[in-house]
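**Q** First, the structure itself, so that you have it in front of you.
The values are calculated or read from the model by the stated rules, or taken from the named source; none is laboratory data. Given the structure is predicted, the values throughout are model-derived calculations rather than measurements. Neighbour counts are summed over all protein chains in view; Cβ atoms, including those assigned to glycine, are modelled from backbone coordinates with ideal geometry. Please note that ligands, DNA and RNA were not included when accessible areas were found on the heavy atoms of the full protein model with its side chains. Shrake-Rupley method; radii C 1.70, N 1.55, O 1.52, S 1.80 Å.
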Amino acid sequence: MKKIFVTIICVVFLLIISYKENFISDFISKKITESPNLIIKDKNKYYKNDNYLFVQNTDNFVPYSYNDLLNIIYTSINSGWDTFTFYCPSEYTSCLKDIENISKDDITLTHINNYVHPYNSFTNIKTSILESGEITIEINYLYTLDQIEKIDSEVDKIISNLITSTQTDYEKIKVIHDYIINNTKYDVERNQNKDSNYLSYIAYGPLFEHMATCNGYTDLMAIFLTKFNIKNYKIATTKESISSSSNGHIWNAVYLNNQWLHLDLTWDDPVSDDGKDYLYHKYFLIDTTTLNKVDSGKVEIEEHNFDKNYYLEFNESINELISSSVS
């Protein structure tokens, strides 16, 4: 009888301990997700204080929707943070699944990357996801500090030599557009073999080596546009959205005179069969309707078939809806 009593006491004790452990564990987990100790670092000087229809800067790092997650990721990259940790609240039941899907979606991450300053663009992002709801983003950036210093110094020299205070924004853009093209050749080798001796895929290539792929042209132009305080981002197609053998394409989106326009230096600096250098203005600050017209002809160009779900400023139906709601 005594042994049975002792056994019952032990079982009850173990049940109480187990209950307490679960209670404490649940309590801690709840506190972590509901009241996280977020560490918000300072933004670097290449942070863009611009919001777009697809992604916006945020100071609220507790997500309650898929769009909130996109904004947190955009803000982290745009701020130049190497790492950032935030937490999924218990109310957002699909948070962990959504962030997992985003972290595996290279296309969406690529498009988010196009909205930040080139110096804050990444080469890759690693996302760590814990069941407790803790999410850590680790960002590896494309440009080195040495490259940034050299590019910035040279860009400032060019602006000092070529740009005047009396020029309009349109004139400034045209001067730089022509300067880059007149001093740059397209890096055919990198395009064909995915490798070359030049850093043509970043702004360093066209600026110092005078060789560029579409990424190099676009990054360098974006740096100048930002120096001029002209709102801009990079707009791209990926190989998944093109039926041809192209790996995709990238160019500049520029906000000028209350309108978003396309600016494609790559296609204004064509690779010619006769070996001569040409400077075009076919893709210089044009709207999407004009872009489609220029792309049509004997050889229809697919590289500008961008997804308007990512670049909503060029989505006519969205803009009509915004205009009607404002009026």
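**Q** I'd like the full set of residues that are under 24 Å from Ala253 (Cα atoms), part of a strand (DSSP E or B) and in contact with a Phe, Trp or Tyr (Cβ under 7 Å, 6 or more places away or on another chain), limited to the stretch 124-142.
**A** Correct list: Tyr141 only.
**Q** What's the number of the only condition in (1) touching a residue at least 12 places away in the same chain (Cβ under 8 Å); (2) part of a helix (DSSP H, G or I); (3) surrounded by fewer than 19 Cβ atoms within 10 Å (Cβ to Cβ) that Asn57 fails to meet?
**A** Condition (2) is where Asn57 drops out.
**Q** Here's a follow-up. I need the full set of residues from the stretch 191-237 which are open to solvent by 20 Å² or more (accessible area, probe 1.4 Å), farther than 19 Å from Thr123 by Cα and either under 19 Å from the mean Cα position of the chain (by Cα) or among the aliphatic types (A, V, I, L, M) (or both), in order please.
**A** Met211, Thr226, Lys227, Asn229, Lys231
**Q** Please state which one of Thr75, Thr85 is hydroxyl-bearing (Ser, Thr, Tyr), surrounded by 14 or more Cβ atoms within 10 Å (Cβ to Cβ) and within 16 Å of the chain's Cα centre (by Cα).
**A** Thr75
**Q** Give Ile135, Ile129, Ile148 a once-over and let me know the one that is crowded, with 21+ Cβ neighbours inside 10 Å, touching a residue at least 12 places away in the same chain (Cβ under 8 Å) and within 25 Å of the chain's Cα centre (by Cα).
**A** Answer to the selection: Ile135.
**Q** State yes or no: is Thr123 modelled with pLDDT of 95 or more and surrounded by fewer than 13 Cβ atoms within 10 Å (Cβ to Cβ)?
**A** Answer is yes for this residue.
Residue-wise test of (1) in contact with a helix residue (DSSP H, G or I) (Cβ under 6 Å, 6 or more places away or on another chain); (2) β-branched (Val, Ile, Thr); (3) modelled with pLDDT of 95 or more.
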site: Gly275; (1), (2), (3): no, no, no
site: His281; (1), (2), (3): no, no, yes
site: Leu285; (1), (2), (3): no, no, yes
site: Thr288; (1), (2), (3): yes, yes, yes
site: Lys298; (1), (2), (3): no, no, no
site: Ile301; (1), (2), (3): yes, yes, no
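**Q** Please go through the stretch 37-51 and pick out each residue that is buried (at least 18 other Cβ atoms within 10 Å of the Cβ) and in contact with a strand residue (DSSP E or B) (Cβ under 9 Å, 6 or more places away or on another chain).
**A** Across the stretch 37-51, the qualifying residue is only Lys48.
**Q** Please specify each residue of the stretch 238-270 satisfying the condition of being closer than 19 Å to Thr108 by Cα and surrounded by 20 or more Cβ atoms within 10 Å (Cβ to Cβ).
**A** His249, Ile250, Trp251, Asn252, Ala253
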